Amino acid sequence: MMKYSVCVFIKLLIFVCFISRGLQNKIIYSIHGSIKEINLLNGEVSTLVSNLQSNIYSLDYDYKTGYVFFPRHNKDDILRFRYPSDTAYSTELVTSAREPIALVIDPLLNHVYWTEIYQQKIYRCNFDGTNKNLILQDDQLYAITLDYVNSWLYYSTKTNKIRRSRLNGADKHTLKELVDVTGLGIDANKKRLYWMEYQKGDLESSDLNGTNAIKVVSTNKTRTNIGIYVYGSKIYCSNGYQTLKVTVSPVTMAKVVHTDTETIHGVLFYDGKNILIGRKW
Ligand SMILES: *[C@@H]1O[C@H](CO)[C@@H](O)[C@H](O)[C@H]1NC(C)=O
Ligand SMILES: *[C@@H]1O[C@H](CO)[C@@H](O)[C@H](O)[C@H]1NC(C)=O
């Protein structure tokens, strides 16, 4: 009996340890010149990196290598930093880029893709900046996301289209027209594409081929919504000074999870759990 309860106790302890290490709930977001973090468990906000001297319209994270990637639109480069870190956060250069606006990482192939709005190009390089390649050229480009399960790259143009192509730029075609899209994200499980419609201020969604489009929710403000991060059936997005959490299942519901004193652009949700995949333990 004693042995049994000790055993149960130890199991419980291990369980609690795993849970407390696993269950992180953080939003990483960018304002002009800085990247911050909010701990949703206690509301604590801290600045991770500052003095970036640029607007940062997009953020992405690779759980395997533990890097946050972001484009510096006004400084013509792509940077990254290790996250989380016990010591001060410091950025390193990935590669130079001309006024990059948005990026997405491919966690399977260790690639970063980014859009250059005025050059009208999408480029790709390795996580360490090597092997930079032009993927495609189109109209002025804005948002970008990746369906790495089916190997499609999704992007938006300033001519109000959502388009997609293969990862090498081949086979590009239009999925949706008459939408001004500043943020794109994918729920690969439920096979839905999500985007921020800038003129109307709505979060919208369709099947991965552009059919069955719906308005999910209004952000209640127009022309301020940019960042989006799809995390299963939860979508985190930016809307002026606010970050919203939109739950799409079982019912659609939007709530403000944080209000900053400055305009928020990029948003990323970090749960700590994927650390289980390919990292220490
Ligand atoms: C688009 O995707 C939906 C859902 O997967 C599917 O039912 C439909 O047949 C597809 N349409 C086209 C034109 O491929
Ligand atoms: C938008 O406004 C409606 C009506 O006032 C409200 O019910 C909803 O919660 C608001 N949504 C957000 C994201 O603030």
So how many residues does segment 28-60 have that are in contact (Cβ under 8 Å) with a residue 60 or more places away in the chain and open to solvent by 50 Å² or more (accessible area, probe 1.4 Å)? 3
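How many residues does segment 230-242 hold that are in a strand (DSSP E or B) and more than 13 Å from the chain's Cα centre (by Cα)? Let's see the steps before the verdict.
Of all residues in segment 230-242, those in a strand (DSSP E or B) come to 230-231, 234-239, 242.
When the remaining residues are screened for being more than 13 Å from the chain's Cα centre (by Cα), the result is 239, 242.
Counting residues in segment 230-242 that are in a strand (DSSP E or B) and more than 13 Å from the chain's Cα centre (by Cα) gives 2.
Here is a yes/no grid of residues against (1) crowded, with 16+ Cβ neighbours inside 10 Å; (2) under 15 Å from the mean Cα position of the chain (by Cα); (3) at pLDDT 95 or above:
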site	(1), (2), (3)
Asp62	yes, yes, yes
Glu92	no, no, yes
Thr95	yes, no, yes
Thr115	yes, yes, yes
Cys125	yes, no, yes
Asp128	no, no, yes
Asp139	no, no, yes
Ala143	yes, yes, yes
How many residues are closer than 20 Å to Lys158 by Cβ, more than 13 Å from ligand 2 (Cβ to nearest atom) and more than 13 Å from the chain's Cα centre (by Cα) when one looks only at segment 201-229? 5
Could you check, for segment 225-232, whether at least one of its residues is surrounded by fewer than 22 Cβ atoms within 10 Å (Cβ to Cβ), at pLDDT 95 or above and more than 16 Å from ligand 1 (Cβ to nearest atom)? no
If a residue must be part of a strand (DSSP E or B) and crowded, with 17+ Cβ neighbours inside 10 Å, how many such residues does segment 155-181 contain? 11
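Check segment 192-213 and report whether any residue there is over 19 Å from Asp147 (Cβ atoms), surrounded by fewer than 15 Cβ atoms within 10 Å (Cβ to Cβ) and within 16 Å of ligand 1 (Cβ to nearest atom).
Narrowing segment 192-213 to residues over 19 Å from Asp147 (Cβ atoms): 197-202.
Add one more test, that the residue is surrounded by fewer than 15 Cβ atoms within 10 Å (Cβ to Cβ), and what stays is 199.
Checking which are within 16 Å of ligand 1 (Cβ to nearest atom) leaves us with none.
So far as segment 192-213 goes, no, none of its residues is over 19 Å from Asp147 (Cβ atoms), surrounded by fewer than 15 Cβ atoms within 10 Å (Cβ to Cβ) and within 16 Å of ligand 1 (Cβ to nearest atom).
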Among (1) of a type outside the set (Val, Ile, Thr); (2) touching a strand residue (DSSP E or B) at 6+ places or on another chain (Cβ under 9 Å); (3) open to solvent by 10 Å² or more (accessible area, probe 1.4 Å), Leu108 falls short only on (2)
Residues within segment 236-266 that are away from ligand 2 (no atom under 14 Å from the Cβ), under 21 Å from Leu193 (Cβ atoms) and either at pLDDT 95 or above or surrounded by 14 or more Cβ atoms within 10 Å (Cβ to Cβ) (or both), tallied: 2
Which residue pairs have Cβ atoms under 8 Å apart, sit 6 or more places apart or on different chains, and have a first residue in segment 140-154 that is in a loop (DSSP other than H, G, I, E, B) and a second that is among the charged types (D, E, K, R)? Gln140/Lys158; Tyr148/Asp106; Ser151/Arg166
Anything in segment 172-200 that is within 16 Å of ligand 2 (Cβ to nearest atom) and among the basic types (Lys, Arg)? List them, or say none. Lys200
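The values are calculated or read from the model by the stated rules, or taken from the named source; none is laboratory data. Since the structure is predicted, the reported quantities are computational estimates derived from the model, not experimental observations. Don't worry about glycine lacking a Cβ; one is built from the backbone with ideal geometry, like all the others, and counts go over all protein chains shown. Calculation scope for accessible area: heavy atoms of the full protein, side chains included, ligands and nucleic acids excluded. Shrake-Rupley method; radii C 1.70, N 1.55, O 1.52, S 1.80 Å.
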